[in-house]
Amino acid sequence: MIKNETDLIETIKSIDAYKSFLHCLPNKTQREKEAWDLIVKNRNHYSEITLNSIFDKVDIDDSNKRWFGQLLAKPNRNWIFETPINELNKWIEDLLFTDKSIIERFNGCMKEKKIRGASKGLLTLLLYLSDSERYNIWVNKTQEGLYILNRIPNFNGKDFGNYYHDVFNPAALEFRKKYDLKPQEIDWILTFIAGYVENNDDGFIMDEDSLKTQEIDLVIDDESELDDLVGQPMELKVMRWAPTNEMGVVALFIEFRKELGFPFIEIIRTRFPDAVVFEKSSRGHIRKYVEFEFKSSGYKSHLKSSRVCHYVVCWEHNWKECPIQVIELQKEIPKILNKK
């Protein structure tokens, strides 16, 4: 149990995962500067190629990982580019290079001139690139982090401009100032809090595994803005599209558990490991522990955990050195369906 917010932030700053993130900070800062330089240089003359270069600068790091997850990935980018390029140029101009108030700009771009795929996350990312000292990136994860800290009320889903101007951004700036956080690190810390910290009446509870691991694969994403985001067309019995997140992996595992050799599920939960199942064997049924990940590399965050885990169930197996057995659903489910 951590008694107060100050102790919580001190604890987060002491963990190996945070120190590892700090090593990436200079490159992250430089990429953001280069992205803004591209925005200014190409003002009013953006092409799809230019905008993709800007998105890649801020989104893809030196190890080819995405910082913003699906927010700037396909097919979300494809939706953005369905809008004629002249309208995209006007949208960016109205957001970044106008004398209008932030509230007017925000509501104009989110309502009157709404572009499919351009959520509050992209809008505030561009504002942040224009002046990182004044603006913060508002996605669901950063909002949840501030909410867990009791710094903001929940968003009612209506007036985006006023909520950002009057509630979210001032709270994020005050939080940044209190703990002397660089603009480039606040989204990591708030996303970490959203994923690994719980608030109760006595203080904060922090996931014990996060204290031990050197690498935590955080994604600064805006999931509720992407509710209609789907993967590639693929007939998977209960799903017509390939999954795009861990919840899709869970749904497919439940549907195909018997064919995968796990006839019974005892527990599914939100802490590591995610599930307790029974595996069918020649000796009967054996209790096993399962962790769900969209990509197997997500299991790296649990490497130092003392808890037992037998399987990683994922959609994409992208970490061949995983120390436990991996069940890659994008390969196993087609085999099952072909047999039928």
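Throughout, read-outs are computed from the coordinates displayed, never taken from laboratory work. Predicted model only: the values in this text are computed from it and were never measured. Positions of Cβ are generated from backbone atoms using ideal geometry, with glycine treated the same way; all protein chains shown enter the neighbour counts.
Taken about its Cα centre, region 196-340 carries a charge dipole of about 1300 debye when Lys and Arg each add +1 at the Cβ and Asp and Glu each add -1 at the Cβ.
Calculated FRET efficiency, Asn64 to Glu235, Cβ-Cβ distance, R0 = 22 Å: about 0.15 to the nearest 0.05. If R0 is 45 Å, the Cβ-Cβ spacing of Ile267 and Lys33 corresponds to a FRET efficiency of close to 0.40.
For the chain, the longest principal axis of the C-alpha atoms and the axis of helix 186-196 are separated by about 30°.
Using 1/(1 + (r/R0)^6) with R0 = 22 angstrom and r between the beta carbons of Ser53 and Glu215, what's the FRET efficiency to the nearest 0.05?
Details: r = 28 Å, r/R0 = 1.26.
After rounding, the FRET efficiency stands at 0.20.
At q = 0.06, 0.07, 0.13 Å⁻¹ the log10 of I(q)/I(0) for the chain amounts to -0.24, -0.33, -1.09, computed by Debye summation with a single uniform scatterer per C-alpha, solvent ignored. Taking a point 7 Å from the Cα of Ile103 along the Cα-to-Cβ direction, none of the residues of region 123-139 has its backbone N closer than 17 Å to it.
Could you please state, rounded to a whole Å, how far the C-alpha centre of region 1-51 is from the C-alpha centre of region 52-72? Each part reduced to its Cα centre gives a spacing of 11 Å. The local environment of Leu51, defined by Cβ-Cβ distances under 11 Å, has a net charge of 0 under the rule Lys, Arg +1 and Asp, Glu -1.
Number of Lys-Lys pairs in region 111-243 with C-alpha atoms under 21 Å apart and a separation of 8 or more places or on different chains: 10.
In deg cm²/dmol and to the nearest 500, what is the mean residue ellipticity at 222 nm of the chain if only DSSP H runs of at least 4 residues count, each as -39500 (n - 2.57), divided by the residue total?
Details: 12 runs with 134 residues, N = 340.
-12000 deg cm²/dmol, from helical runs alone.
Annotation for His23 and Glu87: the two label points, set 7 Å from Cα along the Cα-Cβ direction, are 4.5 nm apart.
What net charge is computed for the residues neighbouring Leu329, neighbours being all others with C-beta under 13 Å from the C-beta of Leu329, Lys and Arg scored +1, Asp and Glu -1? Before the final figure, lay out each step's value.
On the way: positive: Lys237, Arg257, Lys295, Lys331, Lys335; negative: Glu246, Glu255, Glu259, Glu293, Glu316, Glu328, Glu332.
After counting each charged neighbour, the total is -2.
Spin-label model, Arg134/Asn199: points 7 Å from Cα along the beta carbon direction are separated by 2.9 nm.
What does the highest-first list of 77-83, 19-25, 278-284 look like by mean Cβ count within 10 Å? Intermediate results must be reported in sequence, preceding the final value.
On the way: 77-83: 15.9, 19-25: 13.3, 278-284: 10.7.
Those peptides, ordered most packed to least, come out 77-83, 19-25, 278-284.
Here region 203-223 is scanned for amide nitrogen atoms under 20 Å from the site 7 Å beyond the Cα of Glu321 along Cα-to-Cβ, giving 212-218.
Only Cα pairs under 8 Å and at least 6 apart count here; give the relative contact order of the chain as a rounded whole percent. Spell out each step's value before the answer.
Numbers: 468 pairs, mean separation 50.8, N = 340.
The normalised contact order for the chain reaches 15 percent.
Extension gain, Asn156 to Leu303, is 49.1 nm, computed as 0.36 nm per intervening residue step minus the present C-alpha separation.
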